[in-house]
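The values are calculated or read from the model by the stated rules, or taken from the named source; none is laboratory data. Keep in mind that what you see is a predicted model, and the values were worked out from it rather than measured. In this analysis, Cβ positions are derived from the backbone assuming ideal geometry, glycine residues included, and neighbour counts consider all displayed protein chains. Quick note on the areas: whole protein, heavy atoms, side chains included, nothing else; ligands and nucleic acids left out. Shrake-Rupley method; radii C 1.70, N 1.55, O 1.52, S 1.80 Å.
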Amino acid sequence: MAIQRTLILVKPDGVKRQLTGVILARIEAKGYTIAELKQVSATPQMLAEHYAEHEGKPFYQPLVDFMLSGPVVAIIAEGQNVITGFRSLAGTTDPTTAAPGTIRGDLGRDWGLKVQQNLVHGSDSEESAAREIGIWFA
Ligand SMILES: Nc1ncnc2c1ncn2[C@@H]1O[C@H](COP(=O)(O)OP(=O)(O)OP(=O)(O)O)[C@@H](O)[C@H]1O
């Protein structure tokens, strides 16, 4: 498997809870390289592109509003199988049931939080990674 690049976001809940460093440490400890890193305030236009596949779903607008609620940290990570590997490191979408040992499983808290407050995003395919890197690192 060739070296891949993926787009990772530390979502506004992760930034507000000051977990950016912990999340970066887990990415680096896995052996992935941080190729690019920046804090960004997303725009509605960026989020419309990023979440285009979810447009029309009931959670779409709450998700967009949440992603506009504070800065995010955008990361390009590189490594062998990093696309699938990071999603495995992140854990399943819902932090309340994500496995221990994963970012969402260990750091997601049951505060009656919404599913969208799941700390991180990671691209799900090479096509998504290329598209999303274009949005966040235009
Ligand atoms: N049922 C839901 N209710 C509220 N928010 C949701 C729901 N399903 C998904 N989301 C939000 O939309 C995001 C994108 O959904 P998707 O199904 O692509 O999840 P994912 O692949 O686990 O997460 P991501 O793409 O952010 O890494 C999720 O990370 C979550 O923040």
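Per-structure values
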quantity	calculated
Whole-angstrom gap from segment 2-51 to segment 71-132, using each part's C-alpha centre	9 Å
Summed side-chain charge close to SER123 - residues other than SER123 whose Cβ falls under 15 Å, Lys, Arg +1, Asp, Glu -1	-4
Heavy-atom surface of the chain, accessible at 1.4 Å and reported per residue (Å²)	50 Å²
Normalised contact order of the chain, rounded percent, pairs of Cα under 8 Å and 6 or more residues apart	38 percent
Efficiency of FRET from Cβ geometry, THR43 and THR92, R₀ 30 Å, rounded to 0.05	0.55
Kirkwood estimate for segment 3-136, i.e. one over the average of 1/r between Cα atoms, Å	14.8 Å
Under 24 Å, Cα to Cα: Lys pairs in segment 1-131, sequence gap 8 or more or different chains	9
Accessible area in the full protein assembly, largest first, 1.4 Å probe, for PHE86, PHE137, PHE59	PHE59, PHE137, PHE86
Estimated FRET transfer efficiency when R0 is 35 angstrom, pair HIS54-GLU78 (beta carbons, to 0.05)	0.85
Compactness relative to 2.2 N^0.38 Å, alpha carbon Rg of segment 39-95	1.29
